[in-house]
Amino acid sequence: MGAESGGNMAERDLAVAILAAGKGTRMRSQLPKVLHKLGSLSLIERLLRTVLTLKPQRCLVIVGYGQEQVRRALQEYPVEFVEQAQQLGTGHAVQQLLPVLEDFQGDLLVVNGDVPLLRAETLQALLERHRQVQPDVTLLSAQVADPYGYGRVFCDAQQRILELVEERDCTPAQRQNRRINSGVYCFHWPALARVLPSLDRNNAQQEYYLTDAVKLLEKAIALDAEDPREIVGINDRRQLAQAHQILQERLKEAWMEAGVTFVDPDSVSLEETVELAPDVVIEPQTHLRGPCRIGPRTRLGPGSWIESSTIGSDCHILYSVVSHSQIGNHVWVGPYAHVRPHSQIGDGCRIGNFVEIKNAQIGSHTNAAHLAYLGDAKLGSQVNIGAGTVIANYDGQQKHFTEIGDRSKTGANSVLVAPLKVGSDVTIAAGSTIPARYPVPDDCLVIARAYPVVKPGWRPGSAAAGRPQPLPTGSLRVYPLRLLPGQDLKQELERFARQQPLQAGFVLSAVGSLSQATLRLADQTEDYLLSERLEILALSGSLCPDGVHLHLAVADAQGRTWGGHLRPGCLIYTTAEIVLADSLEYRFSRQPDPATGYLELHIEKVAEATPPSPQRADGTGVGIPSCPP
Ligand code: UD1
Ligand code: CA
């Protein structure tokens, strides 16, 4: 031991060196190993935060592979970077400190950058032991179940290090030793500085080993870490997962100690940034991320994700997602609710199933119990949001804001188009869409809905039955009829209907003039004779083999009009052109209708109709040649 060791060792300066220059080949990653994340923090950030609690005079980070990235990731931390241009081993890394710590007389804590779970207490204990025993180096060792991959430490009964062998350089017998080197050491720097230049690369990896420096020092002792889980070094993804699990166990154990119940701890994950009050209950499959504060007696989960949020006391968050929001006391959320960022939910609210809230301030004792979207809004207290209420906050370009006053109620399926201000004590009727900027003052009822149409006697199918069925192309036969002066309109049509094999005949058009007309007007039992010249305005109706049923409308020269049943006694004046049509797919007949007591038109679809070939009857009927359907 050097002369300086005679002084008050506890007063010796402390510097820390973190070895972070390696690539971490076994991670199989582009990212430098120390920048891989364990929870929310990178490996090196975790370690750095721990070592900084020791308040070292200097904190040196040795960088090499991907050093730009590492320097950037740590720019917020009070550290100095030392470059190791070529990575020739842990011993070579520490050799880079020789010029940097030239005049340094204190202790140097060397920590591998890949040991993220080290606890400050453990480092404290290492320092204390080092200061108490005053060796050249105190090495942090641990007894582990699976020593694979680590250097093995061999000590005597006084914990003096006799031998230190890397895994690859071990004999099979040496490999059986479960005491390992954690990669954390407290050196008396002047002693280390003396031996560093004499390292060689005569080993399996052809690297300069820092462990060789330990062996070169006169007085080297080991101290076992109390909990071997904390010294796990991350070399590959398997160890990263293992560290993740250890970290989770550690956090949950601490919270259980502090009075938190985990119903199924293994299915829950959280971060150090989470603060849980006593009597919080965490149900299975629940995950907390980022800075979260959960109040007493609040129950989270099962199946919830809480991120960077504050939740008060006596709440229950069931199968829901809450992120970057604040929730008061006695609030029920879920199942299946989504509280999106920048939401504040007051005390005693109930946010029920399938409710999404975004950037909304919600007053106390307000309920949105089912199926709603409330985005960019401010709701008062004791508001009731009906099922299916949607705030339409986005017009396709911009988000707009909605305000709803205290004690107002939105009916089921209301749409509030933003921007909108709804007063207090308002009731919005179910199914209402309130347009943007529509004034809705305090204390009113708003109804904005389509009213129902009731069709008496309607039955399923009746609508379809009354609906005209399109016929296949070419299935109509068309007959132009030319009537001559003195001919009786009704008689001619009846004759035509008898002579032609008409199945479903009707009038397509009728043009002509009459010298007189006989009509049965509505409500009359007698025929009415109009004995003047008349123009046919319209002729409509059906022609069946069993008779015709036609209506005629006529006008005189003064424009007076009459309409009624066509009766015999309508005589053609100059001429009349009537176009009749006949459908082959249907049959018209006149059948008594029990409802009216009259003979009414009966329409029947003709099954497998074989179209009768078009005929010419006294030169008047012309069938239209048809294409096959
Ligand atoms: C090292 C120890 C081993 C110990 C284990 C604990 C040596 C020779 N071996 O092995 O006894 O059990 O840690 O985890 O020290 N690094 C550099 N520059 C380099 C090489 C490495 O900065 O040239 C850094 C790495 O980035 C890493 C740390 O040093 O953060 C450890 O390197 P690593 O290759 O992981 O060493 P191990 O093989 O794990
Ligand atoms: Ca390692």
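No value in this document is a laboratory result; all are computed from the given coordinates. A quick note: this is a predicted structure, and the numbers were derived from the prediction, not measured. For neighbour counting, all protein chains shown are included, and Cβ atoms are generated from backbone atoms with ideal geometry for every residue, glycine included.
Estimated from the Cβ-Cβ distance and a Förster radius of 56 angstrom, the FRET efficiency linking ARG533 and ALA450 is about 0.60. Rounded to whole numbers, the Karplus 3J(HN,Hα) couplings from phi for segment 294-303 are 10, x, x, 6, 7, 10, 10, x, x, x Hz, using 6.51 cos²θ - 1.76 cosθ + 1.60 with θ = phi - 60°, and x at Gly and Pro. The GluC sites (Glu not before Pro) of segment 86-160 meeting both criteria, a DSSP state outside H, G, I, E and B (loop) and at most 16 other C-beta atoms within 10 angstrom of the site's C-beta, are GLU102. Legend: distances between Cα atoms for LYS23/LYS215; LYS33/LYS215; LYS215/LYS252; LYS55/LYS358; LYS33/LYS252; pairs beyond 32 Å are LYS215/LYS252; LYS55/LYS358.
Averaging the Cα positions of each part gives two centres, and for segment 163-237 and segment 36-73 these lie 21 Å apart.
Given in Å, the Rg to one decimal and the Dmax to the nearest whole number for the Cα atoms of segment 96-206 are 14.8, 43.
Look at the dipole of segment 166-214 built from charges on Cβ: of LEU210, GLY183, LEU196, the Cα furthest out on the positive end belongs to GLY183. From the alpha carbon centroid of segment 292-335 to that of segment 540-608 is 77 Å.
Other residues lying with their Cβ under 12 Å from the Cβ of GLY259 contribute a combined charge of -1, Lys and Arg counting +1, Asp and Glu -1. Where in segment 559-577 does the label zone of SER509 land, with the point 7 angstrom along Cα→C-beta and an amide N cut-off under 17 Å? Correct set: 575-577.
Which lysines, on any chain, are close to LYS490 with Cα under 30 Å apart, when same-chain ones fewer than 8 places away are left out? Of all the lysines, those that pass the test against LYS490 - Cα under 30 Å, at least 8 places apart if same chain - are LYS605.
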